[in-house]
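This report refers to the structure that appears directly beneath it.
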Amino acid sequence: MIPMRLGVVSLALAAALAAGGGQAAPACAPKGSGPAVQAAVQAWFDAGRRDDLAALAKIQAPGFYAYDGGKKYEGLALGELVKGAHASGVKIEWNLHDFDAHLGCDKAWIAWINTGASGKAGALQPVTWLESAVFGWRGGAWRMEFLHSARASPPAA
């Protein structure tokens, strides 16, 4: 009797795990939504220009983090850093171009070149950054999950 009961319990446990343990398939982004990924990147930088942390939060996914300047920034920390730099008189110019986006069902990654400048007024230094981000399709919109930014090496003399 015990082997039969053990078999029934094992079968019931396996059925419960199969029914409740599986995750639903992710909701896929609509076909042709690639331009929306680029628009989300542009919107993120526009929010940074305005020091609009609320707008950054709407674009960033929960758990967002970034690598920039050799450091890790979580949540709104990078936006707060930029806002503080602006408050101290630092100007940052961003000009994003040469986008290269790749989409899957609910994930996208995109890379671009960012040419601009940074520094105090009258002492701006040209800078080129090589950047990329990962986005997830959440709640009907592309949300930034990860950002990587690195200064490009200066051209060889």
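The values are calculated or read from the model by the stated rules, or taken from the named source; none is laboratory data. Here the structure is a predicted model, which is why all the values come from computation and not from measurement. Note that we place each Cβ from the backbone using ideal geometry, even for glycine, and neighbour counts take in every protein chain shown.
Of all the residues that make up the range 79-101, how many are part of a loop (DSSP other than H, G, I, E, B) and more than 16 Å from GLY122 (Cβ to Cβ)? Reasoning before the result, please.
If we filter the range 79-101 for residues that are part of a loop (DSSP other than H, G, I, E, B), which is where we start, we get 88-89.
Subsequent filtering for residues that are more than 16 Å from GLY122 (Cβ to Cβ) retains none.
Count: 0.
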If I filter the range 77-98 down to residues being within 13 Å of PHE45 (Cα to Cα) and aliphatic (A, V, I, L, M), which single residue comes out as surrounded by the most Cβ atoms within 10 Å (Cβ to Cβ)? LEU78
Of the criteria (1) touching a residue at least 60 places away in the same chain (Cβ under 8 Å); (2) touching a helix residue (DSSP H, G or I) at 6+ places or on another chain (Cβ under 9 Å); (3) more than 28 Å from PRO155 (Cα to Cα); (4) among the charged types (D, E, K, R), which one LYS83 fails: (1)
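If you check LYS71 against the conditions, is it farther than 18 Å from GLY139 by Cα, surrounded by fewer than 16 Cβ atoms within 10 Å (Cβ to Cβ) and touching a Gly at 6+ places or on another chain (Cβ under 7 Å)? Spell out how you get there, then give the answer.
Numbers: farther than 18 Å from GLY139 by Cα: yes; surrounded by fewer than 16 Cβ atoms within 10 Å (Cβ to Cβ): yes; touching a Gly at 6+ places or on another chain (Cβ under 7 Å): no.
No; evaluated as a whole, the condition is false for this residue.
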Looking at ARG138, ARG143 in this structure, which one is of a type in the set (D, E, K, R), surrounded by 16 or more Cβ atoms within 10 Å (Cβ to Cβ) and either modelled with pLDDT under 95 or within 16 Å of the chain's Cα centre (by Cα) (or both)? ARG143
Residue satisfying condition, being under 18 Å from GLN42 (Cβ atoms) and free of Cβ contacts under 8 Å to residues at least 24 places away in the same chain, within set THR128, THR115: THR115
Quick one: what pairs do we get from the range 140-156, first residue farther than 17 Å from ASP106 by Cα and assigned to a strand (DSSP E or B), second at pLDDT below 95 and not polar (S, T, N, Q), C-beta under 9 Å, 6+ apart or different chains? SER149/GLY69; ALA150/GLY69; ARG151/GLY69
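Filter the range 14-48 down to the residues that are closer than 22 Å to ILE113 by Cβ and out of contact with any strand residue (DSSP E or B) (no Cβ under 8 Å at 6 or more places or on another chain), then identify the one that is modelled with the lowest pLDDT. Talk me through it step by step, then tell me what you get.
Filtering the range 14-48 for residues closer than 22 Å to ILE113 by Cβ gives 34-48.
Filter once more, keeping what is out of contact with any strand residue (DSSP E or B) (no Cβ under 8 Å at 6 or more places or on another chain): 35, 39, 43, 46-47.
Working: PRO35: 94, ALA39: 98, ALA43: 98, ASP46: 98, ALA47: 98.
Applying the filter and picking the extreme gives PRO35.
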Of the residues LEU53, LEU81, LEU130, which is over 13 Å from the mean Cα position of the chain (by Cα) and farther than 27 Å from PRO35 by Cβ? LEU81
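Is it the case, given these coordinates, that ASP51 is touching a strand residue (DSSP E or B) at 6+ places or on another chain (Cβ under 9 Å) and modelled with pLDDT of 95 or more?
Details: touching a strand residue (DSSP E or B) at 6+ places or on another chain (Cβ under 9 Å): no; modelled with pLDDT of 95 or more: yes.
In short, no.
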Out of TRP109, TRP44, which single residue is within 19 Å of ALA141 (Cα to Cα) and touching a helix residue (DSSP H, G or I) at 6+ places or on another chain (Cβ under 8 Å)? TRP44
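Please determine, by comparing only the residues of the range 47-68 that are outside any helix (DSSP H, G or I) and of a type in the set (Gly, Ala, Ser), which one is nearest to TRP137 (Cα to Cα).
So in the range 47-68, the residues outside any helix (DSSP H, G or I) come out as 50-52, 60-68.
Retained after the next criterion (residues that are of a type in the set (Gly, Ala, Ser)): 61, 63, 66.
On the way: ALA61: 9, GLY63: 14, ALA66: 18 Å.
If we take residues in the range 47-68 being outside any helix (DSSP H, G or I) and of a type in the set (Gly, Ala, Ser), then ALA61 is nearest to TRP137 (Cα to Cα).
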